[in-house]
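Trainee: Please read through the structure below; I'll follow up with questions.
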Amino acid sequence: MRLLRDPLYWLLALFGLLLWGLPHSGALFAHWFPQLERPLYQQESFWQLALAHLTLVISGSALAVIVGVGCAVFATRSAGRAFRPLLETVAAAGQTFPPVAVLAIAVPVMGFGATPAIMALFLYGLLPILQGTLAGIDSVPASNREIAIGLGMGPWQRLWQVELALAAPVIMAGIRTSVMINIGTATIASTVGAESLGSPVIIGLSGFNTAYVIQGALLVALLALICDRLLERVQRKLSGYAE
């Protein structure tokens, strides 16, 4: 009964049902869009597109986590405090730079495919993680650091066992925001030859096929809801540990 009351399992079930059922829903979309000659997207498997979309998001987000958390830690150390305004400015610039422009610049250098898309996702997802980590570390009480020093902890021990441990919920909130941004941004990856759930959306928009747009957008929205629910649980657990 507890599983039935959990929205996450209903979302997962609905997502799986759509991935399985959409290829068999041609008659339904033909009824809804009788003016369209081909109302059902059939160029690639929806399962394949969902996996490719997740791969892009995970790759771009993982890179953003590594760089964002690393830069934030450096900026909160005595040797890196002078660079903090510069790091925040650069990360903010990456957030405001249109992802389509990033792709246009990256394609001549990296070629078509997933690589320029991952670079765009990395730049777009960096700012929330950097800001979340900075805010989380700044929120650690000075008394906790003093206690850690009194216990004889070294700088790395204080960082891992005190600062990052207490800042984990705030850092996770930044990661959660970053992933949500990247799930939506990854839909444009198909414009540079990378497979994603945005392929039906882009093809539908270019071909005035509303049915394609609905099929892709519905799956992207459900994927975002599922990931948000999952990351919310991780954040809640980390909050419990931090307390």
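Trainee: Considering each residue of region 193-209, count those that are buried (at least 16 other Cβ atoms within 10 Å of the Cβ) and under 27 Å from Gln35 (Cα atoms), and give that number.
Mentor: The number of residues fulfilling the criteria is 10.
Trainee: From the set of residues in region 183-192 that are of a type outside the set (A, V, I, L, M, F, W, C) and crowded, with 20+ Cβ neighbours inside 10 Å, which is farthest from Leu230 (Cα to Cα)?
Mentor: The selected residue is Thr191.
Trainee: Looking at Phe122, Phe97 in this structure, which one is free of Cβ contacts under 8 Å to residues at least 40 places away in the same chain and either under 23 Å from Gln235 (Cβ atoms) or surrounded by fewer than 22 Cβ atoms within 10 Å (Cβ to Cβ) (or both)?
Mentor: None of the others qualify; the one that does is Phe97.
Trainee: Please give the number of the condition Pro116 fails out of (1) open to solvent by 20 Å² or more (accessible area, probe 1.4 Å); (2) assigned to a helix (DSSP H, G or I); (3) of a type outside the set (A, V, I, L, M); (4) over 27 Å from Ala167 (Cα atoms).
Mentor: Against the list (1) open to solvent by 20 Å² or more (accessible area, probe 1.4 Å); (2) assigned to a helix (DSSP H, G or I); (3) of a type outside the set (A, V, I, L, M); (4) over 27 Å from Ala167 (Cα atoms), Pro116 comes up short only on (1).
Trainee: Which ones in region 1-51 are over 17 Å from Ile214 (Cα atoms) and open to solvent by less than 20 Å² (accessible area, probe 1.4 Å)?
Mentor: The one that is over 17 Å from Ile214 (Cα atoms) and open to solvent by less than 20 Å² (accessible area, probe 1.4 Å): Leu8.
Trainee: Among the residues of region 214-243, write down those that are crowded, with 16+ Cβ neighbours inside 10 Å and farther than 18 Å from Phe15 by Cβ.
Mentor: Of everything in region 214-243, those that are crowded, with 16+ Cβ neighbours inside 10 Å and farther than 18 Å from Phe15 by Cβ turn out to be Gln235, Leu238.
Trainee: Please give the number of the condition Thr89 fails out of (1) surrounded by fewer than 16 Cβ atoms within 10 Å (Cβ to Cβ); (2) part of a helix (DSSP H, G or I); (3) polar (S, T, N, Q); (4) in contact with a Ser or Thr (Cβ under 8 Å, 6 or more places away or on another chain).
Mentor: In the conditions (1) surrounded by fewer than 16 Cβ atoms within 10 Å (Cβ to Cβ); (2) part of a helix (DSSP H, G or I); (3) polar (S, T, N, Q); (4) in contact with a Ser or Thr (Cβ under 8 Å, 6 or more places away or on another chain), Thr89 misses (4) alone.
Trainee: Looking only at helices (runs of 4 or more DSSP H) that fall completely inside region 159-243, which ones have 2 or more residues that are within 28 Å of Ser78 (Cα to Cα)?
Mentor: 164-185, 210-242
Trainee: Related question: Return the pairs, sorted by first residue and then second, in which the second residue is of a type in the set (D, E, K, R) and open to solvent by 60 Å² or more (accessible area, probe 1.4 Å), the first residue lies in region 42-55 and is closer than 25 Å to Ser178 by Cβ, the beta carbons are less than 6 Å apart, and the residues are 6+ apart or on different chains.
Mentor: Leu49/Glu195; Ala52/Glu195
Trainee: Let me ask something else about it. For region 157-194, which residues satisfy the criterion of being in contact (Cβ under 8 Å) with a residue 24 or more places away in the chain, among the small types (Gly, Ala, Ser) and under 30 Å from Val220 (Cβ atoms)?
Mentor: Scanning region 157-194 gives Ala168, Ala173, Gly174, Ser178, Gly184, Ala186, Ala189, Gly193, Ala194.
The values are calculated or read from the model by the stated rules, or taken from the named source; none is laboratory data. No experiment lies behind these values; they were computed from the predicted model shown. Here the Cβ is made from the backbone with ideal geometry for all residues, glycine too, and neighbour counts use every protein chain on show. The area values use the complete protein model at the heavy-atom level, side chains included, leaving out ligands, DNA and RNA. Shrake-Rupley method; radii C 1.70, N 1.55, O 1.52, S 1.80 Å.
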